[in-house]
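Written below as structure tokens is the structure these notes are about.
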Amino acid sequence: MMDWTDRHCRVFHRLMSARARLYTEMLTTGAIIHGDRKRLLGFDSSEHPVALQLGGSDPTDLATAAKIGEDFGYDEINLNVGCPSDRVKDGRFGACLMAEPALVAEGVAAMKRAVQIPVTVKCRIGIDDQDAEVALDVLARGVVAAGSDALIVHARKAWLNGLSPKENRDIPPLDYDRVYRLKAALPDVPVIINGGIGSIAEAKQHLDHVDGVMLGRAAYQEPWRLPDVDPELFGEAAPCATMKDVFEAMLPYIEAQLAQGTKLHAMTRHFVGAFHGVPGARAFRRHLAEKGVKPGADANVLREAIALVEDRAAEPVAA
């Protein structure tokens, strides 16, 4: 979710679920150690619980970056061993580390020594020609022995040789049963499933077999699904009753960010999928696309866009 789930996106999503755990976009250890930490790691207090997702392979650097994240106030450190991006592969982090399970375990152990908050690992079921039964089991058992507090498993292989990052999100077949078998083999370890899950109804079905469900693209591209998370999964009311209520609650944050020099489009780019099956949704998107990018665009642009949408609920989540 690099370049997607930034701080503005996460504040937006938090207004739709008080209970879901939010994850940052993946940040490299080098960027955190040597870069502008306030810009990279700063987040709004409303985002809790929020996890910092790291990309890296050097145990010392992972420990240093994890400690920095803990000091910034994150609730969890997550090591990404699943991203198939070209730049990830070139930097020796992400999915290519599925081929180096001992190094991943060493990194987890180093982070566990450095921080008091949970350390988790996000991975694929395997890469390229690996046997998914063996590869996932070896990686999982290694990082659990090193202290990993949970495993998040994208139920697809990543083909680093032959498929683009975009193709790796869709072409390798999903194998949810492989993740279920991992959970059965590690009954005391929290296992969260990820990959191709498009609705809260689907998430509920997976929860018969695993401990949690991670939504990625579905949460970002179709945020209108998220207000059903708390009622359907936790038996609690959503923070905001309607998407228009979400935006009303979002406006003070937007105005505060604008006053600090943030461009409106940096925030509204996350809103394009907010309305589904509601008359005016297309006009909403068009207004933000045309007006939100102009110099000096302010919160009134969003207010005008919202006014173009009819006052009625979106289609049911399972539709």
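The values are calculated or read from the model by the stated rules, or taken from the named source; none is laboratory data. No experiment lies behind these values; they were computed from the predicted model shown. For neighbour counting, all protein chains shown are included, and Cβ atoms are generated from backbone atoms with ideal geometry for every residue, glycine included. Side chains are part of the model used for accessible areas, which takes the heavy atoms of the whole protein and leaves out ligands, DNA and RNA. Shrake-Rupley method; radii C 1.70, N 1.55, O 1.52, S 1.80 Å.
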| task | Take a quick pass over the stretch 23-175 and tell me how many lysine pairs come in under 20 angstrom between Cα atoms, counting only ones 8 or more apart or on separate chains. | result | 10
| request: Specify the angular offset, from 0 to 90 degrees and rounded to the nearest 10, of the alpha carbon long axis of helix 101-114 from the longest principal axis of the alpha carbons in the chain. | output: 70
| Among 250-262, 187-199, what's the highest-first ranking by average C-beta atoms within 10 angstrom per residue? | 187-199, 250-262
| field | Total charge dipole magnitude, the stretch 1-132, about the Cα centre, Cβ charges on Lys, Arg, Asp, Glu only, Debye to nearest 20 | value | 440
| field | Net dipole in debye of the chain [+1 Lys, Arg Cβ; -1 Asp, Glu Cβ; about Cα centre; nearest 20] | value | 660
| field | Under 25 Å from residue 291, Cα to Cα: lysines that are on another chain or at least 8 residues apart | value | 244, 263
| task | Using only alpha carbon positions, build the gyration tensor of the chain, then give the equivalent ellipsoid semi-axes as the square roots of 5 times its eigenvalues, largest first, whole angstrom. | result | 34, 23, 18
| field | Accessible area expressed per residue, the stretch 9-49, with surrounding protein chains retained (probe 1.4 Å, Å²) | value | 43
| query | Using the Cα atoms of the stretch 10-124 to build a convex hull, what is its mean projected area in square nanometres? | reply | 6.9
| Where only protein heavy atoms count, and the probe is 1.4 Å, what is the accessible area per residue for the stretch 165-253 in Å²? | 47
| remark: Distance in nm between residue 251 and residue 99 label points, each 7 Å along Cα→Cβ, equals 5.4
| What are the ³J(HN,Hα) values, in whole Hz, obtained from phi via the Karplus relation 6.51 cos²θ - 1.76 cosθ + 1.60 with θ = phi - 60°, for each residue of the stretch 20-31 in sequence order, with x given for Gly and Pro? | 4, 8, 9, 10, 6, 5, 5, 10, 7, 4, x, 5
| query | In whole percent, how big is the carbon plus sulfur part of the accessible area of the chain, probe 1.4 Å, protein atoms only? | reply | 51
